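Heads up: the structure comes next, in structure tokens.
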Amino acid sequence: MKKNSYDFELERIKKVVKERGARRVGLQLPNGLKTVATDIAAEISKETGVEVIISGNSCYGACDIDEKLEKVVDLLFHFGHSETFSQAKTFPKKGVFFIELRSGVDIKPVVEKAVAKIEGKVVGLTATVQHAHALNEAKISLARYGKKALIGKSRLKYDGQVLGCDFSSAMVPCDEILFIGSGGFHPSGLALYTGKRVIAADPFTLQINVYEAEELRKKRYIAIARALNARSVGIIIGMKSGQFNLNDAILLRVKAIEKGLNAYLIAMDEIRADKLLGFAVDAFVNTACPRLVEDFVHFEKPVISAKEFEVVLGERRWEDIFELLLVVG
Ligand code: SF4
């Protein structure tokens, strides 16, 4: 099965199901691909006889495994992300398999289109896991236009690969960054955390978008400035295991109280604006996914990350909030 030329690896899935003698399996797909979930379920079920349960919950990142579903199935197939090194050691034993959805789309047309937007001589080449295998080809295309491209080593599975909270592969000596992939989540994070101009090239739509670091950083500075006046804070603990930072939350509460603030710990599975509305605090500190705070720039109360809260507490310099991240263990 192919959609947007993604490889759903159905043959591999069926093989694993048979080898493991599974009787019930779970499927977890990102929202944009839930439309094909029933087709995948039908095919696996028809060819292996296994019972399939599709997760209706979120599937935002490698950190976001549907653990409740995992408990009631023999195997769980998580689509759209690659496992981190620590997950790779334990997850197959637990029966959790990552299907990366490698894309077969030709990236040359969009790379050639992106050249017009590249201002510097050297670009850092990055991609989501779906396109990381095509980065060498992109490098060759760029060389034809006189642009030198560097593909950085990553803490993730592939060189040049980025995750919403890991941009280690972009730390190469370059003038700007070319990102191959869809959506604004990764390129905006790249700009925010590297401080560089990012050209985002979508191989499916052939759209090119440019992200300027300063514009994005200003929004974070404004959120921190708003939180400086808070007398009370709700410190959010994300209850998804890949985002569960209880000790950090407890420590931040202790520090907040030492600074004379009222601080409360709030545990949540899904962190959404409507769930925060009822709490009588002046600001929120999110210790779960560090990128989530960017969704709350228009929320009536400031929502800041743990590092940003350290600025509020006077323990971190404003310019140090964009240190590279790696949240998923
Ligand atoms: S912590 Fe956030 S950015 Fe990192 S993988 Fe999870 S959802 Fe993505």
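The values are calculated or read from the model by the stated rules, or taken from the named source; none is laboratory data. The structure presented is a predicted model; accordingly, all values stated were derived computationally and were not measured. A quick note on method: Cβ atoms are made from the backbone with ideal geometry, for glycine too, and the neighbour counts reach across all protein chains shown. These accessible areas exclude ligands, DNA and RNA; they are computed on the full protein's heavy atoms, side chains included. Shrake-Rupley method; radii C 1.70, N 1.55, O 1.52, S 1.80 Å.
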_1 or more residues touching a residue at least 60 places away in the same chain (Cβ under 8 Å) and of a type in the set (Phe, Trp, Tyr): qualifying helices (runs of 4 or more DSSP H) within region 52-127_ = 85-94
*Identify, from the list Phe91, Phe85, the residue that is open to solvent by less than 40 Å² (accessible area, probe 1.4 Å), among the aromatic types (Phe, Trp, Tyr) and either out of contact with any Lys or Arg (no Cβ under 9 Å at 6 or more places or on another chain) or outside the structural domain of Val129 (by TED's automatic domain parsing) (or both).*
Phe91
*In region 17-46, how many are at pLDDT 95 or above and open to solvent by 20 Å² or more (accessible area, probe 1.4 Å)?*
12
